[in-house]
1. Going by the alpha-carbon gyration tensor, a ≥ b ≥ c the square roots of its eigenvalues, is segment 277-328 rounded (a/c under 1.5) or, if a/c is not under 1.5, prolate (a/b greater than b/c) versus oblate?
2. In nm, to one decimal, how far is the modelled label at Glu217 from the one at Gln93, with both set 7 Å along Cα→Cβ?
3. Short version: ³J(HN,Hα) in whole Hz for each residue of segment 111-125, in order, from phi by Karplus 6.51 cos²θ - 1.76 cosθ + 1.60 (θ = phi - 60°), x for Gly and Pro, what are they?
4. Nearest 500 deg cm²/dmol is fine: what mean residue ellipticity at 222 nm does the chain get from its DSSP H runs of n ≥ 4 alone, each adding -39,500 (n - 2.57), divided by its residue count?
5. Assuming a viscosity of 1.306 mPa s and a temperature of 10 °C, what translational diffusion coefficient in µm² per second does Stokes-Einstein assign to segment 163-314, Rh being the Kirkwood radius over Cα pairs?
6. Spelling out what I want: for every residue of segment 289-294, take phi, set θ = phi - 60°, compute 6.51 cos²θ - 1.76 cosθ + 1.60 (Karplus), and round to whole Hz; glycine and proline get x.
7. To make sure I understand, if each residue's beta carbon is the centre and we count other beta carbons within 10 Å, what order do Asp159, Asp274 fall in, fewest to most?
8. Would you tally the net charge around Glu173, using a Cβ to Cβ cut-off of less than 10 Å, leaving Glu173 out, and scoring K and R as +1, D and E as -1?
Amino acid sequence: MKHTVYWIEGDGIGPEIWSVARPVIDAAMRMADPGHEIEWIELLAGEKAVKKTGSPLPAETIDALGSASIAIKGPLGTPVGGGMRSLNVALRQRFDLYACIRPVTWYQGISAPVKHPEHVNMVIFRENTEDVYAGIEYEAGSAEAEKLAGFLRTEFGADIREHSAIGIKPISEFCSKRLVRKAIRYAVEHELPSVTLVHKGNIMKFTEGGFRKWGYEVAHDEFGQLTIPEKEATPENSKGKIIIKDRIADAMFQEALLHPEQYSVLALPNLNGDYISDALAAQVGGLGMAPGVNLSDTLAIFEATHGTAPTAAGKDIANPGSLLLSGALMLEHMGLPKASEMIRQAILSTIADKIVTPDLAANIPGARAVSCSAYGKALLANMGRL
Ligand code: NAI
């Protein structure tokens, strides 16, 4: 069976990490799921696209993604003088990729800053399309900021200092509900124990508080038989049910450090999700090993979650782990869990052999730092032995 996967090489270290990731993904499919293969179709974006077409996001790429169901990308730099704020944000907005999903787990042997990184096993569902981070903001002193501040002062009596920059934070029932719905569905499909709504509703009652309220409504109205709010849960009535919790964002950061084992799926508005994604990745040993995917209802774009690492580019020292683990996530999404697991196991056994890229070697006693390409060869050799 052929699976069509559109791929974007990405800028900076993109070509190097891809030259490791693609053969490993193909080999995992060949070995674990014979009969399945990927038809890779390259799409241009970023610097490579500018060189070949003059545009960082050519129409052909947009057209292809418009009818695609699966794509995977390397990191994209922000084009200089390209007019576009960020290609990643452009892709998310253009294709309404409303859920950013990041599973966070510890890989044995990776050095982490906490005593029990193995207790972290969370899947983050971050809303991707709204909130203050989504980009409605005006510079201090701009005509827009002055006009808006004037309107808010005269119409609503708002107390806004002179020369303020202004950001707007829309959080809607529609977007909150579709995100929480995806998170609960994921918990149901993977038989996970809880979904936690992370918000700052104690202060921002209508936006963040709305997210919390709508989250509980989805759980009650659409998954009533399968979920139970934490406040109503007893050992008897919660058996086999997903517990719906909510936590104020600052408390959640504390909880993630003190009691990570009590949390499973997290659902968050955009900004909270942005913060906790990096914090949790650091808690288990760094962004180099964090996979991710951006989802709409029809398209999944898997991605390395780090940037283009310009200082490492061209030196064959980058860690392909994030792209590889995103590839593993993609195989799972395609219904090939055995191939997906083979990639994870190959990474684990290569770490156990203490063969890692230089970014990880410094913190693992006795580890041998190898180049990105040599690390790829070690992974393939280990897969042959699995
Ligand atoms: P970055 O993630 O590229 O680099 C941060 C640090 O981590 C650097 O020291 C870098 O060398 C290191 N690093 C990152 N990935 C690594 C890997 N796979 N192996 C070894 N070391 C690695 O973040 P930065 O410097 O803030 O951004 C550089 C460019 O990347 C910018 O143009 C930014 O817009 C873009 N970017 C793109 C993202 C995406 O496409 N999803 C995400 C974040 C940044």
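Since every read-out is calculated from the coordinates, none of them should be taken as a lab result. Here the structure is a predicted model, which is why all the values come from computation and not from measurement. Cβ placement follows ideal geometry from the backbone for every residue including glycine, while neighbour counts extend to all protein chains displayed.
1. Here segment 277-328 falls in the oblate category.
2. With each label point 7 Å from Cα toward Cβ, the separation is 2.7 nm.
3. Each residue's phi maps through the Karplus curve to give 6, 10, x, 10, 5, 10, x, 5, 7, 8, 8, 10, 10, 8, 10 Hz.
4. Per the formula, -13000 deg cm²/dmol.
5. My calculation gives 94 µm²/s for D.
6. For segment 289-294, the Karplus curve yields 10, 9, x, x, 8, 10 Hz.
7. Sorted ascending by nearby Cβ count, the order is Asp159, Asp274.
8. Numbers: positive: Lys177, Arg178, Lys213; negative: Glu217.
Computed value for this residue: +2.
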